[in-house]
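Report on one structure; see the data block that follows.
The values are calculated or read from the model by the stated rules, or taken from the named source; none is laboratory data. What you see is a predicted model; the values in this text were computed from it and never measured. Positions of Cβ are generated from backbone atoms using ideal geometry, with glycine treated the same way; all protein chains shown enter the neighbour counts. Accessible surface is based on the protein model in full, side chains and every heavy atom, while ligands, DNA and RNA are left aside. Shrake-Rupley method; radii C 1.70, N 1.55, O 1.52, S 1.80 Å.
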Amino acid sequence: MAKYFLYNLYSGVDTFSAFPAGDEFSFDTSNFNPQFTFSKDDIIVCYSNPGLFYVLKIVDIKNNAIKVFKALEFFYDNFIAFDSGINVREITAEEYNDLLTDFLNNIINNSNTVSDSEELIKKFIRWESINIDNSSFNYNFSKDLSWILRNNKRGQFVFDLFTFLFNYDGFRKLKQYVVNNNHELNYSIKYNDISLTTIFRISKNMLSSEELILSGRVRFFETPLFNLDDKFYYLSTEWTFNKNERLDISNLMIIINELYPEFKLIFNNDFLLIPIDNNEITNVFKISNKQTTNSNTIYYGAPGTGKSYKVDQIIKDLDKQFYERVTFHPEYDNASFIGGYKPISVKDEEGKDIIKYEFVPQAFANIYKRAWQDLDNQYYLVIEEINRGNCAEIFGELFQLLDRNSGYTVAPSNELYKHLVEEFGDVNHESIAKGLKLPPNLALFATMNTSDQSLFPMDSAFKRRWEWEYVPICYDEMNEEGGENKSYNFVIDLGNGSQYSWIKFIEYINLNHIKENPNLGMDKCIGNYFVKPENGDLISLKQFINKVVFYLWNDVFKDEDNAVFDDKSSYEDFFPITTTGVTEVKELLKRIGFDLVKDNLSKVDIDQLSIAAESQEPYGE
């Protein structure tokens, strides 16, 4: 079995550079420290720090001289640390996979590639397509790559994908399916019964920002993908994960997977383009399973911004065995989270019901066990409203394990230890031998409403162990990831023919009346999905009063000077809803300067619903 080595080249760069990729040459290893015994077919990853990078395959050995075949050569400007006095070390096959993936992914779309190896790099997946007169050149790197492209942003991933395909085959396979939309610049991809409508703007000249605007919004990347046949290709940014939309990325996956069987385009938390060994197509599942993560992420923001939805999109297609979901609250404790002894009704030898105390595992113990027993798959622990519980009490000593890079272990309680030993059947199992440690394939996701006033503030040590991802309020038709903002079409329906744009209402109330108040700020703002419409995109008067008006009255402006509520009014003035409620809501909207969109609106017109109120000085100015 081949071994892998990482060699930091201090000197002799010129010697290594003298031979182009595809050639064989020999060099002396007497300066290697420490010394290793090499074998034919071993791989040496050799690079200067930073500078040239090579992949060398050993083809012959004579004493300290080894003959190698230079498979790849390119520039890599990242720094890799070595211990003092050490210039070579053995690495595992997995570490080699990760290194090669990282190196190639960093340079695959890089124009600064060393010229001698540029074509090799462009074609590194399918070596048989390259004509090299060298019998040693029989190494297929595809089996060593975890992934070629990886990104969790739809639009950027598609941009990188098309750039790669242009480098890979000159866009030859896809070009034949690009058709004009009977428009000077707009083009679509039509493949069998799949259409990716207005995916490109194609022009003989570079386009300005103004020329990439449709209906008042920039809808294409300002940087062209490439120049093909003396024409610049501009890619749309408006990618969704919805088959009913014109640019659905799942449809793109079908096209790529059929036209390029040497690759597999998948979604596994991130969007991934992975290589497939032509001899073992089914290896794709093994490869994709390597993309596990052990991150700790808290999604936070104002109420209704879609924090839980963001988590849902990651786990929605998973079997229940791959995740546990809990909600923290003031009464939630360590035993509720991990497990503890509880009374259980069982039958005795005579068949009579008796009460027996047994350890009953809860969410953490359950997902901990399942993840350790199946390291090839990704597992998740989802915690809703994490700041409503006493995190210090709930996690207890487990909070040390959240520092994934520290190597910390924590001694479990006796009851948990006995339970895990029974489940794993081995006291020396990695999960308990030296104490508890989180498995490498378990990710923790949590959500947090910044408007909630927690009784138990998180301490700084706990916060440091999490990645924090802010989920903003979106006032545009498309969100920052290029997906559809469905709340953009929501309408407040008063039931008497009067309708108002929801998106303009929250924009106006948030930016002019909440955010600008120094005592409130963004934490108290109303998110896009604060209310879920009962009928299509229509938010009823009852919903608006019972949820929105109540929140504004009780949680936002209760003790604040404001222009939203009349000084002499009370929340009870909005009842009965169907009579007084209509009048009070109209007066409220009028007070904040937000005008009626249209009376007796029979069909919602998004252009009309986008009408904003006349500008008004922000609160406090």
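Taking each residue as 0.36 nm, the span from residue 25 to residue 427 lengthens on full extension beyond its C-alpha to C-alpha distance by 139.6 nm.
Residues 95, 210, sorted by accessible area with the largest first, give 210, 95 [1.4 Å probe; ligands and nucleic acids excluded]. Summing charges over neighbours of residue 395, with a neighbour being any other residue whose Cβ is under 13 Å away from its Cβ, gives -3 when K and R count +1 and D and E count -1.
Spin-label model, residue 532 to residue 190: label points 7 Å out along the Cα-to-beta-carbon direction sit 3.9 nm apart.
Which of the GluC sites (Glu not before Pro) found in the stretch 369-466 are loop residues per DSSP with 12 or fewer other Cβ atoms within 10 Å of their Cβ? Kindly include the intermediate steps, with their values, before the conclusion.
Details: sites: 384, 385, 393, 397, 415, 422, 423, 430; in loops: 385, 430.
Sites meeting the loop and neighbour criteria: 430.
The simple spin-label model puts a point 7 Å past each Cα toward its Cβ; for residue 228 and residue 206 those points are separated by 2.1 nm. Extending 7 Å from Cα along the Cβ direction at residue 262 and again at residue 434 yields two label points whose distance is 4.3 nm. When the trypsin sites (Lys or Arg not before Pro) in the stretch 225-262 are filtered for DSSP coil states and for at most 11 other beta-carbon atoms within 10 Å of their beta-carbon, the remaining sites are 243.
List the trypsin sites (Lys or Arg not before Pro) in the stretch 416-492 that DSSP assigns to loop (not H, G, I, E or B) and whose Cβ has at most 14 other Cβ atoms within 10 Å. Which are they? Intermediate values should be presented prior to the final figure.
Working: sites: 418, 434, 437, 463, 464, 465, 486; in loops: 434, 437, 465.
Answer by residue number: 434.
Which FRET efficiency value, to the nearest 0.05, do you get for residue 8 and residue 360 by plugging their Cβ-Cβ distance into 1/(1 + (r/R0)^6) with R0 = 56 Å? Working from the Cβ atoms, E equals 0.60.
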